[in-house]
1. Would you please name the trypsin sites (Lys or Arg not before Pro) within the stretch 64-167 that are DSSP coil residues with at most 15 other C-beta atoms within 10 Å of their C-beta?
2. What length, rounded to one decimal in nm, is gained on full extension from D96 through to K41, with 0.36 nm per residue of separation minus their alpha-carbon distance?
3. Along Cα→Cβ, 7 Å out, is where each label goes; now give me the distance between the ones at S145 and D161 in nm to one decimal.
4. Can you tell me the Rg and the Dmax, both Å, for the Cα atoms in the chain?
5. Could you state the accessible area per residue of the chain in Å², with a 1.4 Å probe and every protein chain left in place?
6. In the chain, carbon and sulfur make up what percent of the accessible area (probe 1.4 Å)?
7. Pick out which of P95, P34, P148 has the largest mean-square fluctuation in a Gaussian network model of the chain, springs linking Cα atoms closer than 10 Å.
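The values are calculated or read from the model by the stated rules, or taken from the named source; none is laboratory data. Quick caveat: nothing in here was measured; it's all calculated off a predicted structure. Cβ atoms come from the backbone with ideal geometry, glycine included; neighbour counts cover every protein chain shown. Note: accessible area is taken over every heavy atom of the protein model, side chains too, but ligands, DNA and RNA are not part of it. Shrake-Rupley method; radii C 1.70, N 1.55, O 1.52, S 1.80 Å.
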Amino acid sequence: MSLGFRLVSADSHIVEPPTLWEERIDRRFADRAPTIVKGEKTDYFVVDRKEAAGRAEPGGGIGLLATKSKYADPDNCSFSHRGRWEEIPESSYDPDKRVRELDAEGIEAELVYPTLGLTMYDIEDREFRYACFSAYNRWIEDYCSAAPRRLFGIAMIPTDDIDRDVA
């Protein structure tokens with residue numbers, strides 16, 4: 001029996017672009033919008049920029065996402081927590097480049113999950129958390145609309161108010 005599709009990736013991740021929340025978050029939270037900041041030795045993802053202002057650099061950088069060098073040298077397995085936004089493969093956040101990569105790898109479709117957004121489930125301020133999730137969900141919808149039969153985004157759903165969360 002043959003399947004009606006070639007290969008589907010069921011656990012792929014995008015990397016949210018630095019401006020996602022700045023551009024899409026509810027304006028009440030504009031001063032807190034998550035972003036990527038440049039540190040001295042690495043770039044960092046900051047969930048709440050207002051809370052992080054004036055603090056020392058956080059402990060972990062985005063290095064594990066900065067894998068562009070793997071494309072040039074697939075045998076290079078050296079990853080660290082240090083990295084720059086510019087070292088993240090464009091296909092991680094650009095849907096057209098993602099589809100070209102899927103074509104090159106023989107993948108028909110993929111389910112795409114958040115990466116940086118996964119850290120937001122720990123946000124204690126419920127309204128800020130909802131605003132972050134909503135901004136991400138609008139972005140992933142736009143991202144997947146570039147190839148609606150190939151890219152399937154996994155929404156970020158809060159889990160603390162069932163009626164609101166279902167809506």
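1. Working: sites: K68, K70, R82, R84, K97, R98, R100, R126, R129, R138, R149, R150, R164; in loops: R82, R84, R149, R150.
When the trypsin sites (Lys or Arg not before Pro) of the stretch 64-167 are filtered for loop state and at most 15 Cβ neighbours within 10 Å, R149 remain.
2. Values: separation 55, 0.36 × 55 = 19.80 nm, distance 3.06 nm.
My answer for the length gained is 16.7 nm.
3. Taking the two extended label points, one gets 2.6 nm.
4. 17.1, 61
5. On the way: 9790 Å² over 167 residues.
Per-residue value: 59 Å².
6. Numbers: 5100 of 9790 Å².
Carbon with sulfur: 52 percent of the solvent-accessible area.
7. Comparing P95, P34, P148 in a Gaussian network model of the chain, the most mobile one is P148.
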